[in-house]
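Values quoted throughout were computed directly from the atomic coordinates according to the rules given, and no laboratory measurement underlies them. Since this is a predicted model, take the numbers as computed values, not measurements. Note that we place each Cβ from the backbone using ideal geometry, even for glycine, and neighbour counts take in every protein chain shown.
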Amino acid sequence: MRMLRHYLEHRTDEHDGSEVLQDNHREVADKQLIPRIIKRNRQAILVDPHYFHYFQRKKQGRRCSCFKIETSPDSLCQVCIGTGVVGGYEKFGTIGEWFDVTYPRIRAVNVRQNFELQTRPVMFGLIEGALLGYVEFDWEIRSSRRQLDLFQVMSRNVGECGQVKALIRSIRETEFVPMTNQSLGDRLCENKAVIRVELSRKDPSENHPVLSHVYIRYKLLDDPRVRMDVPRVTESITLAEYGVFDSFTTMAGWIPDDVKQVGTEDFFREISTGNYWKVIEATPNRPLNQTVGYECTLRRIQTFENYFKFPV
């Protein structure tokens with residue numbers, strides 16, 4: 001009996017439940033608790049979500065032509081948005097392609113880089129004496145949802161005396177077609193395409209038209225919107241007595257794990273109002289290195305700031 005009592009006491013000590021939990025608490029949190037937190041956060045934010053587009057500053061890429069001829073990026077440049085990197089920012093859930101003078105795969109006929117205009121960025125223009133020319137870009141289409149989000153052809157001095165026409169064909173086609181939302185979207189299913197931009201003018205002595213760039217953006221996600229919980233908006237009334245209202249605004253927001261990285265060089269655009277918000281503080285919640293969400297503080301971006309130049 002004495003030996004049995006000793007065995008039972010010893011067995012109870014070895015198999016105590018608290019010790020099992022102590023040894024495996026990281027595994028329990030990693031496989032059970034944190035996934036539950038993420039799931040409940042996603043469900044909770046659906047009650048009253050605010051939808052935004054999120055723009056992340058590019059950390060690497062081609063050096064912008066405005067930076068190549070200056071000691072610093074031009075804050076008014078529409079290609080790098082003052083960052084010095086072509087594109088400047090990447091819209092969350094999409095891929096953006098910028099076809100400008102820095103693009104590595106270019107063919108040109110009667111078209112050259114026009115440095116005489118002293119523009120920032122450097123633009124394409126017709127060579128001296130030419131009435132018609134074109135520049136072509138070989139485009140390798142990266143993997144995506146094959147859905148077009150936006151495209152722009154940015155040129156200057158186009159009017160009665162000059163024209164700029166954008167065309168496209170897939171690598172399997174022999175004829176170009178005018179670039180439209182439809183023709184561009186149809187060719188996103190290909191792996192490669194060729195973009196041609198034709199420049200023409202009536203008077204060879206004129207210094208126009210000129211081409212800045214072609215911008216094409218297509219989706220990685222079916223819905224690139226970002227949800228944010230916005231608990232409060234605090235408006236500064238310091239300048240209200242001078243007639244300045246709704247300008248110096250800060251906003252606190254919480255973002256679920258949809259976005260894995262939020263930085264203080266990034267910005268949001270509120271879809272319902274069109275307001276722009278700059279991230280000034282971003283605090284990640286990462287138990288066991290799993291992103292649960294971000295707590296952010298944002299400030300209202302003013303209309304004169306260069307963020308408004310980025311195509312949304």
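Tabulated values for the structure
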{"read-out": "Per-residue ³J(HN,Hα) for region 78-86, Karplus 6.51 cos²θ - 1.76 cosθ + 1.60, θ = phi - 60°, Hz, x for Gly and Pro", "value": "8, 9, 9, 6, x, 8, x, 10, 4"}
{"read-out": "For a label point 7 Å along the Cα-to-beta-carbon line of residue 147, residues of region 49-68 with backbone N under 16 Å", "value": "52-54"}
{"read-out": "For 151, 99, order by how many other beta-carbon atoms lie within 10 Å, fewest first", "value": "151, 99"}
{"read-out": "Amide H within-cut-off set for residue 147, under 5 Å, with H built and near neighbours excluded", "value": "219"}
{"read-out": "Per-pair calculated FRET efficiency, R0 = 25 Å: residue 107 and residue 191 via Cβ, rounded to 0.05", "value": "0.85"}
{"read-out": "Simple spin-label estimate for residue 63 and residue 220 in nanometres, 7 Å along Cα-Cβ", "value": "2.6 nm"}
{"read-out": "Under-5 Å amide H pairs with residue 127, H placed in peptide plane, nonlocal only", "value": "111, 112"}
{"read-out": "Simple label model, 7 Å out from Cα along Cβ direction - residue 127 to residue 285, nm", "value": "6.2 nm"}
{"read-out": "Pair residue 207, residue 252: separation of 7 Å Cα→Cβ label points (nm)", "value": "5.5 nm"}
{"read-out": "75, 212 arranged by Cβ crowding within 10 Å, fewest neighbours leading", "value": "75, 212"}
{"read-out": "Sorted by Cβ density within 10 Å, fewest first, the residues 249, 303, 94", "value": "303, 249, 94"}
{"read-out": "Net length gained if the chain between residue 309 and residue 180 were fully extended (0.36 nm per residue, minus Cα distance)", "value": "44.2 nm"}
